[in-house]
Structure formats: C-alpha cells, structure tokens
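Only one structure is covered here, and it is reproduced in the block below.
The values are calculated or read from the model by the stated rules, or taken from the named source; none is laboratory data. In this text, all values refer to a predicted model and were calculated from it rather than measured experimentally. When we count neighbours, we look across all protein chains shown, and the Cβ atoms used for this are built from the backbone with ideal geometry, even at glycine. Only protein heavy atoms, including side chains, enter the accessible area calculation; ligands, DNA and RNA are left aside. Shrake-Rupley method; radii C 1.70, N 1.55, O 1.52, S 1.80 Å.
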Amino acid sequence: MSALLRLPHHDGSSTYVGEEAPRLGESVTVRMRSHVDDPIDDVWLRTTYDAEPVYVALSRTTDGDTTWWSADLLIHNPVTHYRFLIARGDTQQWLTGRGLVDLDIPDAADFKLTSYAPAPDWALDGVVYQIFPDRFARSAAADAQPTPSWAVPANWDDTVVFEGSDPRTPVQYFGGDLDGITEHLDHVARIGADIVYTTPVFPGESNHRYNATTFDQVDPLLGGDAAYERLSSAVHARGWRILGDLTTNHTGDTHEWFRSAAADPESERCSFYYFNADGSYANWMGHGTLPKVNHGDPDLRAAMVEGPTSVVGRWLTPPYDVDGWRIDVANMTGRLGALDVAHEVARSVRRTAEELRDDPLVIGEHNHDASGDVDGDGWHGTMNYSGFSWPVWSWLRSPNTSARAFGRPVQVPRRSGPAVVDAFRTWQGALGWQATSASWNILGSHDSARIRTMVGSPEVHRVAAGLQFTMPGVPMLFAGDEIGLEGVNGEDARRPMPWDSEQSWDTATLDTYASLARLRRARAALRRGGQRWAYVDDDTIAFVREHLDGSVLVVARRAAGPAFDLDLLVDSHLLGTESGVPALAVDGSRCVVPAATGPRLDIWALA
C-alpha cells in the first residue's frame with residue numbers, strides 16, 4: 001500500500017504552511033502536494049470568510065515526482081478554515097483535515113489556521129512526567145507527619161484499594177510528599193522528561209486532593225508552601241518546567257468558600273455556588289463532596305481565574321513560579337444547563353497566565369470531544385484521550401486484558417490499523433494542527449488503566465511508547481509507566497512507586513523511554529514535523545514525519561508481519577524498540593521494509 005504516499009496531502013506543519021502562527025490580516029502561503037502521475041486538472045483553495053465560501057485557484061510547480069500546488073490564504077478571521085477542492089475530469093474530491101473524501105462533508109473537518117499565539121516552545125518540545133504526590137515518594141520528613149483524621153493509613157508496599165464501592169478508596173493514605181519528588185528528580189532526568197506535572201497540591205480530605213479545602217496554601221502533609229518552593233526551585237535549576245493542577249469546576253465541600261456559603265445565606269460566597277431553595281447544590285457528577293462553582297458570577301471569576309491575585313495568578317509568581325496549569329474537568333468548567341461560559345473561562349485563565357509569565361502553558365482536561373474548546377485563545381491543547389489514547393488502546397489492546405475502559409461501560413474495542421489511522425486523521429482534522437501539536441499524547445493517567453495492563457506485554461507496551469513519542473503531540477507519561485507498573489483502572493493505576501524493589505522494574509522499557517526522549521529531542525521532525533501516512537494494514541502502521549531539517553520514517557507493528565516496499569530513500573536506522581537492527585533493502589527510489597517476527601517499532605532517517 002505504498003500508494004498512500006502518492007495521495008494528495010496537506011497538514012498544518014511548516015512544510016505546507018508558510019507561517020504556522022500568522023497574525024490577523026496577514027496572507028499565508030499554503031501548499032498541497034500530489035504525485036506527478038496523479039491526473040489532477042485543477043485545485044482550488046476553499047475558505048470561509050465571515051462564514052461565506054470563497055475559492056482561490058492554486059498554481060502548480062513540479063519537483064521530481066512531486067507536484068506542488070500553492071496559493072495565498074488571507075487570515076481574515078481569528079480562526080480561518082480551509083480545504084482543497086481537487087478536480088480530475090468529471091470527478092471531484094475534497095482534501096480536508098481528516099483526509100480525502102468523495103462527498104461534501106461539514107466544515108468541522110476543515111484545516112484551520114489560528115491567529116492566536118501557539119503554545120510556548122518548551123511545551124511543544126518537552127516531555128511531560130505526571131506525578132500523583134501521595135504515591136510517588138516519601139521523604140524522611142514524611143515520617144514525622146501525623147495521619148490526618150480523614151485518612152486510612154497504608155504502608156508503602158500495601159495493596160491499593162481500588163474498587164469504587166469501597167469507602168477506603170479515596171482516603172487510603174500512603175503519605176508521599178513534595179520533598180520525596182525533589183529527591184527523585186534524577187529518575188525523571190533518566191527518563192528524559194523535562195516538564196514535571198503534579199496532580200493537586202492544595203489541601204483536601206482525600207488522597208487525590210481534587211476536593212480542595214483552600215487554594216491559599218500547599219497541603220502541610222506534602223510539606224507545605226516551603227516544600228513546593230523547594231521543588232519548583234530544583235526543577236527550574238535543571239532548566240525544566242513545572243505545571244500545577246487546578247480544578248476550576250468545583251471545590252471540596254470543606255473548602256472555606258463553601259463552608260462560608262453553606263453556613264450563612266447572606267454570605268458573599270453564596271453566589272460562588274449553585275444553591276437550590278432546599279439547600280441542595282449542583283456538584284460534579286452527583287458527588288456532594290465536590291460542589292460546582294458558578295463562573296457566571298463575576299466575583300467567583302475574579303477569585304478563581306482573573307488577575308494576579310486570583311488562584312490562577314498567585315501560584316505563577318515567585319516564590320512558586322509555576323510555569324502553567326493543567327485544568328481539571330475543563331470540559332465542564334463554566335457549563336451548567338443553559339449557562340455556558342466555558343470558553344470565557346479558558347480565555348481568562350490564558351490571559352491571567354500571559355500577564356504574569358512570558359511563556360505559560362494552559363492545558364485543559366477533556367476526555368472526549370475538545371474540538372470546540374481549543375480554537376487557540378484559551379487552552380493551548382488538551383489531554384488527548386480521544387485523538388490519541390483511544391485509537392492506540394484499540395489497536396494495541398490485548399484480547400485478554402483485565403483493563404477497564406476509561407469513561408465507558410464496555411471494554412475498549414480492538415480495531416484494525418486502517419480503522420485506527422482513520423481515527424487519528426479524524427481527530428487531527430477536528431482539533432486542528434496547532435491544538436494537536438500542543439495536546440498531550442497519553443497512554444494512561446491517574447484516571448485510567450495502565451498501558452501495560454491494557455496491552456499485556458512489554459513488547460507491545462514499547463510499541464505504544466514509540467507511537468507516543470513519534471506522533472504529532474507532546475508525550476505525557478504517568479509516573480511508573482516507564483518501569484511497567486500495572487493497574488486495571490484509574491484507582492488501581494495509582495500504585496506507589498517501588499523504589500525499594502528496583503529488581504522488579506522493567507528496565508528494558510525504561511531504557512526505551514529514555515532513548516525515545518533523546519531521539520525526539522534530537523530530531524525536529526519528531527517535535528515539529530508534518531505527518532504523511534505511508535503504509536497501513538491490520539497489524540502495521542507506518543508514517544513519515546516531514547521537516548526541512550530532516551524527515552523520519554516510523555513503522556509500528558502490533559504483531560508479526562510481512563515485508564513491504566515504499567517510495568522512499570532511507571539513510572540510516574535510528575531506533576528500534578526491540579533488539580536487532582533490521583536492514584532496509586533499497587532498490588532505486590524504493591526501500592523494502594523487512595518482515596517482522598513480532599511487535600516492534602522502528603525509526604529510520606530519510607535521505
């Protein structure tokens with residue numbers, strides 16, 4: 001199926017777009033490529049200025065076996081949509097963000113160029129390491145901390161209580177702290193990560209701390225404000241970045257705001273929440289311990305997200321110097337029934353961050369369709385469950401896995417390579433290139449099953465990691481993935497890091513993560529390159545990441561498979577997730593990718 005490389009192609013990378021971050025009112029050259037043997041008569045660029053379709057004819061040039069079609073696109077609207085109309089005799093096709101289509105489809109699939117600033121370079125080029133503080137590491141100081149009244153204490157090697165019906169699940173307390181994280185930053189460096197993201201550090205009567213009792217201090221059980229300052233300073237001393245985790249959708253029912261509101265109907269805090277006449281209140285998904293805040297109230301917005309004294313603002317400044325936020329439940333923030341100010345809240349978070357830092361990052365949690373929330377002026381991107389995690393899980397899932405689907409009542413389906421590639425294309429088209437590039441490629445998190453449990457073997461796990469580091473987007477790994485920790489769901493995935501039993505670690509997988517991080521840092525194509533699909537069958541996915549500084553070929557296999565040929569010239573083998581360096585046979589302008597005896601992922605530099 002080398003014919004995939006001969007299909008018309010465009011994406012939002014620098015190979016195809018003259019300016020990836022244009023200003024409003026500028027004209028940008030956009031290009032489409034086709035093969036010289038493709039009998040295309042004409043191509044038009046169709047955009048929608050002020051929602052009215054406009055067509056511009058493209059000019060053509062030929063370079064070897066490639067025909068380049070180009071036109072200037074005026075960035076007339078802050079988010080400018082466009083697609084290509086391809087004419088061949090009496091037939092027509094559209095080239096959209098989801099690929100070639102033979103019928104008229106909605107504009108939601110269009111390519112997009114946004115005039116809003118992209119995510120900062122450090123965020124696009126980095127590798128994110130997620131830490132759940134209670135389960136990562138205990139410093140010596142943690143032993144002196146009293147067990148809180150709400151907690152059920154656990155020893156570090158105890159089994160995690162993870163069934164949702166067990167009341168101990170949210171209060172099982174292992175006692176990890178922030179100094180424990182600081183003491184293990186060498187491990188983070190060993191992996192190759194350079195962005196430390198912790199789940200919440202505010203006090204909360206749970207091990208996850210998403211039910212904050214205040215936003216004004218760091219939980220003393222974690223070491224307090226001083227420990228957070230030490231962690232931030234240690235992270236920045238290495239030239240890295242640190243991200244906080246903030247729930248803008250709700251507080252805990254023990255939060256000082258909520259207690260004030262519930263105790264006094266005349267309290268100025270009453271408008272911060274949605275109280276009913278009978279004293280009940282809106283909350284997150286029926287959990288009374290998580291009362292929902294009212295972003296329709298200007299005083300709540302001022303306290304939570306607007307300006308330097310807001311919760312968002314104060315932690316971005318010294319002495320904490322957080323470099324940005326991951327926003328929990330971003331999809332529901334500012335939404336309740338007829339009220340929808342979600343995008344306004346996202347803009348406020350972004351605006352506050354940009355007022356206080358030169359290059360902040362704001363990422364919104366969203367576990368389904370984030371396409372309407374990432375137009376460029378709010379969240380830079382999302383935790384990309386829909387566009388990355390679900391397709392990868394469905395391609396690589398073990399038929400016998402005990403892993404449970406995140407957010408669905410049925411198991412993750414097992415799908416073929418063509419179906420998975422169609423999912424990748426669909427989501428890239430829906431989110432747009434800029435948001436896709438800034439979103440996090442996650443194989444799992446503190447809310448989902450572990451990737452090792454999902455795929456069932458170290459070899460397939462390493463294929464998944466290879467996709468995580470080579471697909472468009474930013475790799476984010478949950479602490480413990482790199483050593484093969486398991487977990488059937490999000491609660492079970494929060495197992496403590498086994499620092500005292502390193503002999504249990506899967507060091508081959510750890511080494512693979514480190515190698516992938518080094519290669520991604522060394523190759524611009526893996527951080528900023530476009531993506532062109534090269535070959536797909538049920539068990540194989542191959543693609544090219546294109547960049548002017550050098551392109552690479554990635555071949556991922558979930559099982560043994562036959563050799564196949566591609567119209568590419570290969571220079572050298574860069575990385576294989578399994579032992580042995582396969583030799584590519586070269587015949588003129590073609591290379592022959594060798595057969596595989598089992599799951600593996602390989603990366604080659606192209607000539």
(request) Any chance you could list the semi-axes, whole Å, largest first, of the equivalent ellipsoid that the Cα gyration tensor gives for the chain, using √(5λ)? (result) 42, 30, 20
(request) Express in Å², to the nearest 10, the accessible area of VAL455 obtained by rolling a 1.4 Å probe over the protein heavy atoms while all chains stay in place. (result) 10
(request) Quantify how much of the Cα-Cα distance distribution of segment 254-321 extends past 13 Å, in percent. (result) 67
(message) Explain nothing, just the number: relative contact order of the chain, from Cα pairs under 8 Å at least 6 residues apart, as a whole percent.
(response) 13
(request) Would you tally the net charge around VAL474, using a Cβ to Cβ cut-off of less than 13 Å, leaving VAL474 out, and scoring K and R as +1, D and E as -1? (result) +3
(message) Among DSSP bridges having both ends in the chain, what percentage is antiparallel? Round to the nearest 5.
(response) 75
(message) Give me the one-decimal nm value for the distance between modelled label points at ASP186 and LEU569, 7 Å along each residue's Cα-to-Cβ direction.
(response) 4.7
(message) Modelling each spin label as a point 7 Å along the Cα-to-Cβ direction, I'd like the TYR49/GLU26 distance in nm, to one decimal.
(response) 1.9
(message) Applying a 10 Å radius around every beta-carbon, put 546-557, 173-184 in order of their mean neighbour count, most first.
(response) 173-184, 546-557
(request) Compute the FRET efficiency between VAL79 and SER260 as 1/(1 + (r/R0)^6), taking r as their Cβ-Cβ distance and R0 = 41 Å, and round to the nearest 0.05. (result) 0.50
(request) Determine, at each q value in 0.17, 0.22 (inverse angstroms), the log₁₀ of I(q)/I(0) that the Debye formula gives when each Cα of segment 29-161 is one equal point scatterer. (result) -1.01, -1.29
(request) Heavy atoms only, probe 1.4 angstrom, no DNA, RNA or ligands counted: give me LYS112, LYS292 ranked by accessible area, highest first. (result) LYS112, LYS292
(message) Can you compute the charge dipole magnitude of the chain about its Cα centre, using +1 on each Lys and Arg Cβ and -1 on each Asp and Glu Cβ, nothing else charged? Give it in debye, rounded to the nearest 20.
(response) 1040
(message) 5 Å is the cut-off here: which amide hydrogens, built 1.01 Å from N in the peptide plane, fall below it relative to GLY204, excluding neighbours closer than 5 in sequence?
(response) THR213
(message) Please list ASP219, ASP321 from largest to smallest accessible area, probe radius 1.4 Å, with all protein chains kept in place.
(response) ASP321, ASP219
(message) Tell me the carbon and sulfur percent of the accessible area for segment 456-588, rounded to whole percent, probe radius 1.4 Å.
(response) 47
(request) Return the FRET efficiency for the residue pair ALA57, ALA108: r is the Cβ-Cβ distance, R0 is 35 Å, and the value is rounded to the nearest 0.05. (result) 0.90
(message) I want to verify the translational diffusion coefficient of segment 455-607 in µm²/s; compute it with Stokes-Einstein, Rh as the Kirkwood radius over Cα pairs, at 20 °C and 1.002 mPa s.
(response) 132
(message) Tell me the net charge near SER394. Cut-off is 15 Å between Cβ atoms, SER394 excluded, with +1 for each Lys or Arg and -1 for each Asp or Glu.
(response) +4
(request) Sort segment 42-82 into rounded, prolate or oblate with this rule: let a ≥ b ≥ c be the square roots of the eigenvalues of the Cα gyration tensor; rounded if a/c is under 1.5, and if a/c is not under 1.5, prolate when a/b is larger than b/c, oblate otherwise. (result) prolate
(message) Report the per residue volume, in Å³, of the convex hull enclosing the C-alpha atoms of segment 338-446.
(response) 121
(request) Grab the alpha carbons of segment 187-335, take their convex hull, and tell me the volume per residue in Å³. (result) 120
(request) Could you order peptides 260-266, 105-111, 275-281, 539-545 by the average number of other Cβ atoms within 10 Å of their residues, highest first? (result) 539-545, 105-111, 260-266, 275-281
(message) Could you work out how much longer the chain between ARG6 and SER149 gets when fully extended? Use 0.36 nm per residue separation minus the Cα distance between them, nm to one decimal.
(response) 45.0 nm
(message) Among 597-604, 498-505, how do they line up by average Cβ neighbours within 10 Å per residue, starting with the highest?
(response) 597-604, 498-505
(message) Can you give the FRET efficiency to the nearest 0.05 for ALA559 and THR317, using r as the Cβ-Cβ distance and R₀ = 60 Å?
(response) 0.70
(message) Need one number: nm distance between label points at LEU548 and ALA117, each 7 Å from Cα along Cα→Cβ, rounded to one decimal.
(response) 2.3
(message) For the chain, what does the accessible surface come to per residue with a 1.4 Å probe? Please give it in Å².
(response) 37
(request) Order CYS591, CYS270, most accessible first, counting only protein heavy atoms with a 1.4 angstrom probe. (result) CYS270, CYS591
(message) Give me the base-10 log of I(q)/I(0) for segment 312-367 at each q in 0.19, 0.30 Å⁻¹, Debye formula, one uniform scatterer per Cα, rounded to two decimals.
(response) -0.66, -1.18
(message) Test of understanding: what is the full-extension gain from SER271 to ASP358, defined as 0.36 nm times their sequence separation minus their Cα-Cα distance?
(response) 28.0 nm
(message) Taking the Cα centre as origin and putting +1 on Lys and Arg beta-carbons and -1 on Asp and Glu beta-carbons, what dipole magnitude results for segment 431-521, to the nearest 20 debye?
(response) 400
